[in-house]
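Please read the structure below before turning to the comments.
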């Protein structure tokens, strides 16, 4: 399933596999001035290729190499031999061999599917990516993944955040996320004078400064409470129950791979704690 929305000269694509007649677990990509930021999942690749058939497309930038953001890289690159793909250097081995480097847990296979290999070039932190009418600054923002980056267009104040900022208050995390890096990366982009924030899912936000500040404050305060309870000798499960409420549907769907437990453990790992 593919939906399209326009924000001035930015076209947003929302991608989701259709299950039981509805789209499930949406992600987003953006087309600006011949540059596509992320390409959705494998299940929506054909729809995106068709939607872009009559549009100029010179470059793809992947905010990171998770399968729900790179799914149409290869089909688009096959169709347009000139198409350049740029990504964080750590993303390149995954893009070249998704199946070998990023095996998917069952829920990821069901919702997003395995992408095909694609060819990409590295882009440096602080680099400027130029299109005909815009200049985008590359900002490395690890935490959600090691290879995560954001893009900032200073003339209009556009900030493309991938999965670093999608709104809401996290109650769960994947085991391979780093919550302290996420906080540091959020602070880095919050220092920019952004007027409009384009996330990798959830709604586009105008004047995002307050939402960013609230997100950072929530995560820092939660971390302080986790560390305080740990200092008092509480177990991970006791901290989970005290701070993060009852079981979540996402924990069931992901067989515990995305859970409240891993959020608590991510906070504790910064103190070199053995956590299980």
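Can you put 250, 226 in order, fewest other beta carbons within 10 Å first? The partial results should precede the final answer.
Details: 250 16, 226 25.
Going from sparsest to densest Cβ surroundings: 250, 226.
Let me make sure I get this right: for region 29-183, a, b and c are the square roots of the gyration tensor eigenvalues over alpha carbons, sorted descending. Under 1.5 in a/c it's rounded, otherwise prolate if a/b > b/c, else oblate. Which is it? It would help to have the intermediate numbers written out before the result.
Numbers: a/c = 1.60, a/b = 1.09, b/c = 1.47.
Cα axes put region 29-183 in the oblate bin.
Below 8 Å between Cα atoms, with a sequence gap of 6+, how large is the relative contact order for the chain in percent? Show your work: numbers first, answer last.
Numbers: 555 pairs, mean separation 35.4, N = 276.
Computed value for the chain: 13 percent relative contact order.
Quick one: compute the contact order of region 8-47, relative version, from alpha carbon pairs under 8 angstrom and 6+ residues apart, as a percent. Mind showing how you got there, number by number?
On the way: 60 pairs, mean separation 15.2, N = 40.
It comes to 38 percent, rounded to a whole number.
If each residue of separation counts as 0.36 nm, what is the full-extension length gain between residue 4 and residue 24 once their alpha-carbon separation is subtracted? Provide the component values of the computation, followed by the final result.
Numbers: separation 20, 0.36 × 20 = 7.20 nm, distance 1.62 nm.
Full extension from residue 4 to residue 24 adds 5.6 nm.
Mean separation of Cα pairs under 8 Å and 6+ residues apart, divided by the residue count of region 1-113: what relative contact order is that in percent? Mind dumping the intermediate values first?
Details: 209 pairs, mean separation 24.9, N = 113.
The value is 22 percent.
May I ask you to compute the full-extension gain from residue 242 to residue 49, defined as 0.36 nm times their residue separation minus their alpha-carbon distance, rounded to one decimal in nm? Please list the in-between numbers first.
Numbers: separation 193, 0.36 × 193 = 69.48 nm, distance 4.72 nm.
Gain on stretching residue 242 to residue 49: 64.8 nm.
Report the gain in length on full extension from residue 82 to residue 109: 0.36 nm times residue separation, minus Cα-Cα distance, nm rounded to one decimal.
Numbers: separation 27, 0.36 × 27 = 9.72 nm, distance 2.97 nm.
Extending this stretch completely gives an extra 6.8 nm.
Determine the shape class of region 100-240: with a ≥ b ≥ c the square roots of the Cα gyration tensor eigenvalues, call it rounded for a/c under 1.5, and otherwise prolate if a/b is greater than b/c, oblate otherwise. Before the final figure, lay out the partial values.
Working: a/c = 2.15, a/b = 1.30, b/c = 1.65.
Cα axes put region 100-240 in the oblate bin.
How would 152, 218 line up from fewest to most surrounding beta-carbon atoms within 10 angstrom? Write down the numbers at each step before the final one.
Working: 152 19, 218 13.
The most exposed by this proxy come first: 218, 152.
FRET efficiency for residue 175 and residue 128, Cβ-Cβ distance as r, R0 = 41 Å, nearest 0.05? The partial results should precede the final answer.
On the way: r = 35 Å, r/R0 = 0.85.
That pair, residue 175 with residue 128, gives E of 0.75.
Since every read-out is calculated from the coordinates, none of them should be taken as a lab result. On a predicted model such as this, the values are computed, not experimentally measured, just so you know. When we count neighbours, we look across all protein chains shown, and the Cβ atoms used for this are built from the backbone with ideal geometry, even at glycine.
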